[in-house]
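Working notes, structure below.
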Amino acid sequence: MSAGAPEPTDDPCGLIAGSPDVLVVGLGPAGARAAAIAAADGWRVVGIERRSTFGEPVQCAELVCSALTIEGLDWDRVTAQGVARMVTRVEDHVPESTAGFAGRMISRRLFDQQLAARAVACGAHLVRGVSVTRLDADGSARLSTGATLRPRVIVGADGPRSQVGAAIGRVNRELVVARQVAVRLEMAYDATDIFLRAAYRGGYGWLFPKDREANLGIGVDYAARSELKALLAGLESELRAVGRIGAAARPSLTGGLIPVGGRLVAFGRLRFVPVALAGDAAGLTNPVTGAGIEAAVRSGELAGRAASAWLGGQQMALEDFDEELGDLYDGAYARAQRHRRETLRCASVSNLRRGWISSPEYWT
Ligand SMILES: Cc1cc2nc3c(=O)[nH]c(=O)nc-3n(C[C@H](O)[C@H](O)[C@H](O)COP(=O)(O)OP(=O)(O)OC[C@H]3O[C@@H](n4cnc5c(N)ncnc54)[C@H](O)[C@@H]3O)c2cc1C
């Protein structure tokens, strides 16, 4: 590694140079799961993460559905509280409470850190504070340290603006932009609140409780991003005025991009090197809810398995992986996209209501 490399890295033996079997770019949930699965099969896996601490900063509202299972994860440590129901507020109409949306509010920081630790325990070699700066047409990966890796397989798990995806011609073109703050909750709460308004063009607002705090945020279509700051400030003062929330819990402004254009074809090739995409890099986020953690975990696991199968001689492993993702997600995402387009076209109260997952009409 060159002098002046970003710190800290976990590369005491200089293993980062050379030709791993699998290179995983990005170590959020998708990348960490891909690295764990491929390494557990005995392949030499190198994972590269540009952040210097796994899971930080948090760019997430931190809600997962209670059905999500991950081998070896200590849910008690990462769960902040359970939620039992969803409360939907369309414009200024009476809120509707819906049971059957049980979930967990997690610490995304601890969640990502546990997944990374699990990948290391499976034998993956993870490096923090280093970026993949370029992918060459022959599949070589240039790192911010100056090193070059020549992997046999690449897994791109580098988020909504995936560089790996761009290298094989897969780009998330429809995006929602989100902005979020942590606020103090005036009393304990067991529901996720959803705010559906015409002003939140192509998106929605949320108040998700985390014990005595809550994540308050809004996402809007990329084209409306200049309005986001004022929209969030407006929602925050409304909720404060009615006594739902207190002051900002601490300096906590965050946000990010959410792909909402549906799934991308999740495999490709850089000369002889097969490439699989997972998580946001593959567009695996629900176009209406923006939920992507479950899909990142599942697609990461499938990508790790596909990489392992290809290395083991199954030449169609990546094509099969893409087909499996289609079976899992295409139906649900197509339905969500239809609703999202309809509310973008006309954000009437009835379209806002039927375009949200708690409405029975959403599913018909
Ligand atoms: C504000 C907000 C709120 C959200 N709330 C929820 C929610 O409540 N529930 C839910 O299910 N989903 C939510 N999502 C979506 C969810 O966070 C994502 O779908 C999920 O994080 C995708 O995981 P991933 O591993 O694919 O990508 P990421 O978690 O984005 O991880 C990608 C990683 O790649 C790294 N990286 C990028 N480029 C490079 C590079 N060149 N070299 C090295 N490393 C690189 C990044 O640093 C990052 O750590 C939210 C998203 C946003 C923006």
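The values are calculated or read from the model by the stated rules, or taken from the named source; none is laboratory data. No experiment lies behind these values; they were computed from the predicted model shown. No Cβ is skipped: glycine too gets one built from the backbone with ideal geometry, and neighbour counts run over all protein chains shown.
The figures follow:
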item	result
Residue in the range 134-153 that is within 12 Å of the ligand (Cβ to nearest atom), in contact (Cβ under 8 Å) with a residue 60 or more places away in the chain and in a loop (DSSP other than H, G, I, E, B) present	yes
Count of the range 171-192 residues which are of a type outside the set (A, V, I, L, M, F, W, C) and surrounded by 22 or more Cβ atoms within 10 Å (Cβ to Cβ)	3
Qualifying residue in the range 84-92 (condition: touching a Lys or Arg at 6+ places or on another chain (Cβ under 6 Å) and of a type outside the set (Ser, Thr, Tyr))	yes
Single condition ASP158 does not satisfy, out of (1) within 17 Å of the chain's Cα centre (by Cα); (2) more than 12 Å from the ligand (Cβ to nearest atom); (3) crowded, with 20+ Cβ neighbours inside 10 Å	(2)
Residue check, GLY304 at positive phi and of a type outside the set (Val, Ile, Thr)	no
Residue within the range 271-291 that is more than 10 Å from the ligand (Cβ to nearest atom), of a type in the set (Phe, Trp, Tyr) and buried (at least 23 other Cβ atoms within 10 Å of the Cβ) present	no
Some residue of the range 166-188 being in a strand (DSSP E or B), more than 30 Å from LEU253 (Cβ to Cβ) and either free of Cβ contacts under 8 Å to residues at least 24 places away in the same chain or touching a Leu at 6+ places or on another chain (Cβ under 7 Å) (or both)	no
Members of the range 63-87 that are surrounded by 13 or more Cβ atoms within 10 Å (Cβ to Cβ), of a type in the set (Gly, Ala, Ser) and either at pLDDT 95 or above or in the same structural domain as GLY217 (by TED's automatic domain parsing) (or both)	ALA80, ALA84
Failed item in (1) within 20 Å of VAL164 (Cβ to Cβ); (2) part of a helix (DSSP H, G or I), with THR285 passing the rest	(2)
Meets criteria (more than 12 Å from the ligand (Cβ to nearest atom), outside any loop (DSSP other than H, G, I, E, B) and in contact with a Pro (Cβ under 7 Å, 6 or more places away or on another chain)) for ALA336	yes
Of all residues making up the range 21-30, the number that are among the aliphatic types (A, V, I, L, M) and in a helix (DSSP H, G or I)	1
Any hit, the range 307-315, residues being in the same structural domain as ALA32 (by TED's automatic domain parsing), in a helix (DSSP H, G or I) and within 16 Å of the ligand (Cβ to nearest atom)	yes
Any pair with Cβ under 6 angstrom, 6 or more apart, that starts in the range 274-293 at a residue that is under 12 Å from GLY26 (Cβ atoms) and of a type outside the set (A, V, I, L, M) and ends at one that is near the ligand (Cβ under 6 Å from one of its atoms) and not in a loop (DSSP other than H, G, I, E, B)	GLY279/ALA30; GLY279/ALA296
Residues of the range 240-270 classified as out of contact with any strand residue (DSSP E or B) (no Cβ under 8 Å at 6 or more places or on another chain) and within 15 Å of the ligand (Cβ to nearest atom), total	2
Per-region count, the range 31-51, residues over 15 Å from VAL132 (Cβ atoms) and within 11 Å of the ligand (Cβ to nearest atom)	2
